[in-house]
Each structure stands twice: as structure tokens, then as C-alpha cells.
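Trainee: Before I ask anything, let me first share the structure, which is written out below as C-alpha cells.
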Amino acid sequence: MSFSAPPPASGEPYVLSASLDNARHLSSLLRAVHFQDHATCFATASGLRVTVEDAKCIQANAFIQAEIFQEFAVQEESVMFRINLSVLLDCLTIFGTSSLPGTSTALRMCYRGYGYPLMLFLEEGGVVTVCKINTQEPEDLLDFDFCSTKVVNKIILQSEGLREAFAELDMTSEVLQITMSPDKPYFRLSTFGNAGSAHLDYPRDSDLMEAFHCNQTQTNRYKISLLKPSTKALALSCKVSIRTDAQGFLSLQYMIRNEDGQICFVEYYCCPDENITEAEL
């Protein structure tokens, strides 16, 4: 059930207003990028992007297209603010994280502009809760400049293949080494933990491999501590696109299908940990 928020008391229009029949569509995606307390929200006519960063080494973006919402209106070219993501998630799940069958929490979200709080109106079973969350001035975000023309290697895997890999690999290793190559081993994940080295290879004709576009052999290492948060998105996803550029920066794009069959995306960017010399391979 959708409902309308009251007009702003000051008479000023909302620069952002959105409504969802099921708040879980938003909260589940936000949990997939919730590894720091604060996030930057960026809204345009095409939808909402929520960005979380850590240590200038990793960035996660949750994309919620305008079509996912029952209503989505942005009165300016773009609207941007910083918010406490932990508080936002607590508010979105104020009626509990799992509703009874056939029931859901309806959401209306409104923002009047710079200096004003984000207003949430949540309704379930005839009960309405109003939350006001203070917003902050957004900070400068990292620009990984990951355009398609700079991508050197790209593969698309069914997510179950990567989930199995993360379950099998030795997570006592400080780094995850990723090898992508037009020749064998094609796609290899390696760890170097307490039990020694472990490698997991995926042939290019594997049933789990949906696309394979590798132009050159690359081997890069990434801190497992930085990649671990992305497993939240992996758990929700059905497919994952793995891309690297010439500098070894990593893009993990997760395709997530919500309860209504709609498609959303969560993307993680990660800096390489160190250069690998031929002697180490």
C-alpha cells in the first residue's frame, strides 16, 4: 500500500521524493554496501546511487533505478547528501527485517534540500512511523574512472561459482590473487594462508562462465579485508561481472534480482594491493 507524505511545513517543495510498496527492496541493497557507518546518496532522474568508501582503497555503489520505485521525483539536476547508513537501515527495518507472508512495509522518502533531514514515512498494517535522519555535507568521492574503453579483461560468472570459491579459499590469507588470461589458466583465484598456497581455476568453457573477454594476462593481488564486504552483495546476486583495467583496479558488479523480479546492481571497486613480479608467479 502506497501513501502520501504531508507537504513540507515551510511550503518549500521536496527536491527528492520517492515511494516504495516494499521497503525491503531498498534495505536489502543497502545492506550489501553497509561496511562503514556513513554513505553518500546521489539522486538523479535515472535513480538513486548510494556510495560507501573505506581507506581510499575500496568503493561500493548500490544502484536503485527509478523504475524500481512506485514514485521517484527529483526536482533538480542532481541531489547529493551524506547520511548515517546504519541509522537509515535501522529506520527502514523498524517493523522488523522479515514481515509476515503477504505483508510488507511501505515507504515514502522525502528530502527538502541542503541542511534538511531525510524524512522517512513507513507504514505497515495501518501503523505509520515517521523518521527524520540528519544529513551532512557530502565529501569528495573517489573517481576510479572505470569506463568500458579502459577495461582490459572482463568475465561474467554465475554467482554460485564465486560463492563456492569464497567458501573454499583460505581466508587466513592476507590477499586474494586474481589471474585473468586469454590462455590457461584463464581465470584463477589464489590465496596464500597458514595452510599454504591454494588455487582455484575456472576454464573458459565452464558452465559457470557466461562471458569471457580477456585481452592480456594479468595477475593482481587485493587485500582480502577489502574484498570481504563484497560477499554481502555476492550472497544476494545471480551473476557477477569481474573487470580489470591496465592498472589492475578491480570492478565487481553484482546483478541482484529482488522479490518482484526487478534487476538492480551493486558494484565494488578495489585498488590492487601490490605489483607482482615474475619471480613470485
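The values are calculated or read from the model by the stated rules, or taken from the named source; none is laboratory data. Owing to the predicted nature of the structure, the values given are computational and were not obtained by experimental measurement. Reconstructed Cβ throughout: ideal geometry from the backbone, glycine too, with neighbour counts over all protein chains shown. To get the accessible areas, we keep the full protein, side chains included, count just its heavy atoms, and leave off ligands, DNA and RNA. Shrake-Rupley method; radii C 1.70, N 1.55, O 1.52, S 1.80 Å.
Trainee: What is the percent carbon and sulfur in the accessible area of the chain, measuring with a 1.4 Å probe over the protein chains and ignoring ligands?
Mentor: The nonpolar share, carbon plus sulfur, comes to 48 percent.
Trainee: Now a separate question. Just grab the label-to-label distance for Gln158 and Thr129, each label 7 Å out from Cα along the Cβ direction, in nm (one decimal).
Mentor: 3.9 nm
Trainee: At most 15 other Cβ atoms within 10 Å plus a DSSP loop assignment makes a site exposed; report the longest stretch of the chain without any exposed chymotrypsin sites (Phe, Trp or Tyr not before Pro).
Mentor: It works out to 115-281.
Trainee: Per the Kirkwood definition applied to all pairs of different Cα atoms, how many angstroms is the hydrodynamic radius of segment 77-230?
Mentor: Final number for the Kirkwood radius of segment 77-230 is 19.8 Å.
Trainee: Using only Cα atoms, figure out Rg for segment 16-136 and give it as a multiple of 2.2 N^0.38 Å.
Mentor: 1.01
Trainee: Moving on. Once amide H atoms are placed 1.01 Å from N in the peptide plane, what residues at a sequence separation of 5 or more from Glu71, or on another chain, have their amide H within under 5 Å of its amide H?
Mentor: Residues meeting the amide H criterion: Ser19.
Trainee: Next question, about the same structure. Starting at the first residue of segment 117-130, write each ³J(HN,Hα) from the Karplus equation 6.51 cos²θ - 1.76 cosθ + 1.60 with θ = phi - 60°, in whole Hz, x for Gly and Pro.
Mentor: Running phi through 6.51 cos²θ - 1.76 cosθ + 1.60 with θ = phi - 60° gives x, 7, 9, 10, 10, 10, 10, 8, x, x, 9, 10, 10, 10 Hz.
Trainee: Another question, then. For a quick check of your reading of the filter: which GluC sites (Glu not before Pro) in segment 137-186 sit in a DSSP loop and have no more than 10 other Cβ atoms within 10 Å?
Mentor: Taking segment 137-186 and a limit of 10 other Cβ atoms within 10 Å, the loop GluC sites (Glu not before Pro) found are Glu139.
Trainee: For the chain, what is the relative contact order in percent, using Cα pairs closer than 8 Å and at least 6 residues apart in sequence?
Mentor: 18 percent
Trainee: Quick one: accessible surface of Val152, probe radius 1.4 Å, all protein chains present, in square angstrom to the nearest 10.
Mentor: 20 Å²
Trainee: What number comes out for accessible area per residue over the chain if the probe is 1.4 Å? Units Å², please.
Mentor: 48 Å²
Trainee: Further question on the same structure: Once the Cβ-Cβ distance between Thr103 and Ser225 is put in as r, and R0 is 30 Å, what FRET efficiency do you end up with, to the nearest 0.05?
Mentor: Efficiency computed from Cβ-Cβ geometry: 0.20.
Trainee: Find the lysine pairs in the chain meeting two conditions, Cα atoms under 29 Å apart and a separation of 8 or more places or different chains, and report how many there are.
Mentor: Qualifying lysine pairs in the chain: 23.
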